[in-house]
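Scroll down for the structure; my scribbles are underneath it.
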Amino acid sequence: MSEVGDAATPEEFVDNDNETNYKPPPEKTIEEILQIDQEDESLRKYKEALLGQAQTGPIIVEPDNPKKVIVKRLVLVAADRPEIALDLTGDLSQLKKKTFIIKEGVSYKIRIEFIVQREIVHGLKYVQKTSKMSLPVDKMTHMVGSYAPKHEIQSYTTPSEDAPSGIMARGGYTVHSLFTDDDKNEHLKWEWTFEIKKDWKD
């Protein structure tokens, strides 16, 4: 496995679905879902509320942004520590200049915050490849799920991960992250860094 660069495509980045035995559901638009069981008034209203579709039309949070998924922040969450966040709405090339410090051996999670607008998004995935000194050390794929549009920010938090420990584990790491879906749409791809240290101190 080689380190992923800027030229990587979603197909190269994402694990094959056959390896995870994941079968994407048939895609339906909000309009198609709302047309089912129209005679059931209570069910119709429930679906309208659930799917973010009112009589006035679909939910659009950022009219000037044509994307269905707008990734806002990556947040590092560790017990008894203030959350550390990366703003993913600006110049992504600047993210490498902000390095997360992680204490060796600590348990932590990553939370991705995003907006879904216009249409339902099927089978969101978060893929992360980690390298140290240009050598790949880890790759993980998280099935985030399918989401209906909402005005509010939605989020996904990864299961707990234990940071490596020991003198050989310390040092800087580069992470290539991708937020994609069943159709291999690339909603956002970014690069960031973290450093494993003996303590939380810089």
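So which residues in the range 126-156 are assigned to a strand (DSSP E or B) and over 16 Å from V175 (Cα atoms), if there are any at all?
To start, the set of residues in the range 126-156 that are assigned to a strand (DSSP E or B) comprises 126-132, 135-147, 154-156.
Of everything in the range 126-156, those that are assigned to a strand (DSSP E or B) and over 16 Å from V175 (Cα atoms) turn out to be M143, V144, G145, S146, Y147, Q154, S155, Y156.
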Where a residue in the range 186-202 is more than 14 Å from Q128 (Cβ to Cβ) and touching a residue at least 24 places away in the same chain (Cβ under 8 Å) and its partner, wherever it lies, is of a type in the set (K, R) and in a strand (DSSP E or B), with Cβ under 7 Å and at least six apart:
K197/K103; D199/K103; W200/K103
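Within the range 90-126, track down each residue that is out of contact with any Lys or Arg (no Cβ under 7 Å at 6 or more places or on another chain), of a type outside the set (A, V, I, L, M, F, W, C) and under 11 Å from A163 (Cβ atoms). Give the steps one after another, and end with the answer.
Here is the first cut: in the range 90-126, the residues out of contact with any Lys or Arg (no Cβ under 7 Å at 6 or more places or on another chain) are 90-100, 102, 105-112, 120, 122-126.
Now narrow it down to the ones that are of a type outside the set (A, V, I, L, M, F, W, C): 90-91, 93-94, 96-99, 105, 107-109, 111, 122-123, 125-126.
Within the range 90-126, G105, S107, Y108 qualify.
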Some residue of the range 184-193 being assigned to a loop (DSSP other than H, G, I, E, B), crowded, with 18+ Cβ neighbours inside 10 Å and modelled with pLDDT under 95:
no
If T89 meets every condition in (1) buried (at least 19 other Cβ atoms within 10 Å of the Cβ); (2) closer than 26 Å to N65 by Cα; (3) β-branched (V, I, T) apart from one, which number is that one?
(1)
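Residue-by-condition table, conditions (1) touching a residue at least 12 places away in the same chain (Cβ under 8 Å); (2) at positive phi:
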{"position": "I84", "(1), (2)": "yes, no"}
{"position": "D91", "(1), (2)": "no, no"}
{"position": "S107", "(1), (2)": "yes, no"}
{"position": "I115", "(1), (2)": "yes, no"}
{"position": "Y126", "(1), (2)": "yes, no"}
{"position": "S134", "(1), (2)": "yes, yes"}
{"position": "K150", "(1), (2)": "yes, no"}
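Could you count how many residues in the range 157-183 are assigned to a loop (DSSP other than H, G, I, E, B), more than 15 Å from L76 (Cβ to Cβ) and touching a residue at least 60 places away in the same chain (Cβ under 8 Å)? Before the answer, list the steps.
Applying the first criterion (assigned to a loop (DSSP other than H, G, I, E, B)) to the range 157-183 yields 158-160, 163-170, 181-183.
The next check asks that each one be more than 15 Å from L76 (Cβ to Cβ); those that pass are 164-170, 181-183.
In the following step, the residues that additionally are touching a residue at least 60 places away in the same chain (Cβ under 8 Å) were identified as 164-166, 169-170, 181-183.
Of the residues in the range 157-183, 8 are assigned to a loop (DSSP other than H, G, I, E, B), more than 15 Å from L76 (Cβ to Cβ) and touching a residue at least 60 places away in the same chain (Cβ under 8 Å).
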Residues (modelled with pLDDT of 95 or more and part of a loop (DSSP other than H, G, I, E, B)) located in the range 68-88:
L88
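The values are calculated or read from the model by the stated rules, or taken from the named source; none is laboratory data. The shown structure was predicted, so the numbers you read here are calculated from the model rather than taken from an experiment. Ideal geometry is used to build each Cβ from the backbone, glycine not excepted, and the neighbour counts take in all protein chains shown.
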